[in-house]
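Take a look at the structure below.
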Amino acid sequence: MASRHTTASPRATGSNDSSSLSLPSSPAATPTSVEVAWTRFFERHKPLPAPAAQRASAPQALRRSRMRSETEYLESMRRLRRLVLSGVPSDEFVTPYGPTRPLLWKLLLRVSCPAGPYLTLVAKGPSTAHAKIRNDTFRTLATDQGFKRRVDEGMLVRLLEAFVWRNDDGEDEPTDGTMSFSYVQGMNVLAAPFLYAMRSELEAFWCFTSFIEECCPLYVQPTLAGVHSGLDLLDRCLLLADAALYTHLRSKNLTAELYAFPSVLTLCACTPPLDEVLQLWDFLLAFGAHLNILCVVAQLLLMRDALMTSTSPMKLLRSFPPLQAQKIIGITVTLVRDLPDALYQELVLHTGVRV
């Protein structure tokens, strides 16, 4: 990819106007191509509307204040996304409300964190998925000592058990096309960044719940329908981005189902280092989980030379190289620019997010 496309730098100087975006230092980059990439990216991003409380119908006399409220909300969210592109400060930088990332994630996911409901769910004890949960939690990010020091297995078990109880109505799976939620493969890894980044288990639970139920619900259905759709989209996006690389992998009988399943299932949380995962998730929470498919394509493009010269590329793909969040984000923005409208719309919808 790097040899074929200009990479858009993910750093912005303070506006989503393309004229104010900083440019990468690469001599191959031209202002025109980078500006086009960022302009196209922002054009395609459709922010969620204001929460229902701000959008509710109101008497004529209150309409103006309601309109101002929603306008202010959307402007605030735009500023938050600008912060993500500028780089989220480390935990050492503390706002009056605490470290920046936990606050940012709660705002992007639009959550409040009431203690009572969570404590009630935890008090119910082991759920119907207890055996599955315990079979996975002990090996969650097992080689990351920083994660192990901050997050013990009990925290992960409680959060996942509470999530199952929250959605356990004692009935069979719905047959009317509505979503059902329980514990499925990969949820332990999806919960890990929240427990690591947030200031408390309580905050992690509500952020995880909002993320699963609102941002990628099709990824956690019993059939993992969203994951499999994402893998198909990954193949199609790679073909458009780099036909030669796609053809080379196909000549070795390699499809995304074989080499990218963990990265799609966990939104790249399975690939260390965790600090880079958090930076990538800043981007995904701000602009949409659907972009993870392009983030995986970006990783393949960063590996392109090694993959193209390898007679056995699967050996390289069994363990992706360490994440480089800023490079991946820059390439992803360029990929968004180049995708046909219909394919991009499929990408947006495959997670099950309501638009």
Just how far, in whole angstrom, is the range 259-312 from the range 333-355 if you go by their alpha carbon centroids?
16 Å
Relative frequency of Cα-Cα separations exceeding 26 Å in the range 97-208, percent
19 percent
Enumerate the lysines that LYS46 could reach by cross-link, defined here as Cα to Cα under 28 Å, with residues fewer than 8 away along the same chain left out.
LYS106, LYS327
Any lysines with Cα under 21 Å of the LYS124 Cα? List them, leaving off those in the same chain fewer than 8 positions away.
LYS132
Could you calculate the FRET efficiency of ARG79 with SER200 from 1/(1 + (r/R0)^6), where r is the beta carbon distance between them and R0 is 35 Å, rounded to 0.05?
0.85
Label-point separation in nm, HIS45 to VAL355, each point 7 Å along Cα→Cβ:
1.5 nm
P(r) histogram, all alpha-carbon pairs of the range 280-324 included - 5 Å bins from 0, percent
5, 20, 26, 20, 13, 9, 5, 1
Could you compute the net charge surrounding LEU160? Neighbours are other residues with a C-beta less than 11 Å from the C-beta of LEU160; K and R count +1, D and E count -1.
+1
Label ARG250 and THR311 with points 7 Å out from Cα along Cα→Cβ: what is the distance between them in nm?
2.4 nm
Just subtract the alpha-carbon distance of GLU153 and LEU240 from 0.36 nm times their residue separation and send over the number in nm, one decimal.
27.1 nm
Gain on full stretching of the segment that runs from MET179 to GLU92 - 0.36 nm per residue minus C-alpha separation:
27.4 nm
Full-stretch length increase - ASP232, ASP168 - with 0.36 nm per residue and alpha-carbon distance subtracted
20.0 nm
Label-point gap, in nm, between ALA123 and LEU258 - each point 7 angstrom along Cα→Cβ:
5.3 nm
If Lys and Arg each add +1 and Asp and Glu each add -1, what is the summed charge of the other residues whose beta carbon sits under 10 Å from the beta carbon of GLU257?
-2
Using the crude model of +1 on Lys and Arg Cβ and -1 on Asp and Glu Cβ, and no other charge, please compute the dipole size for the range 233-281 relative to its Cα centre, in debye to 20.
240 debye
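None of the figures in this text is laboratory data; all of them are computed from the coordinates on show. The model shown is predicted, which means the values in this text are computed figures rather than measured ones. Note: ideal-geometry Cβ built from the backbone for every residue, glycine included; neighbour counts use all protein chains shown.
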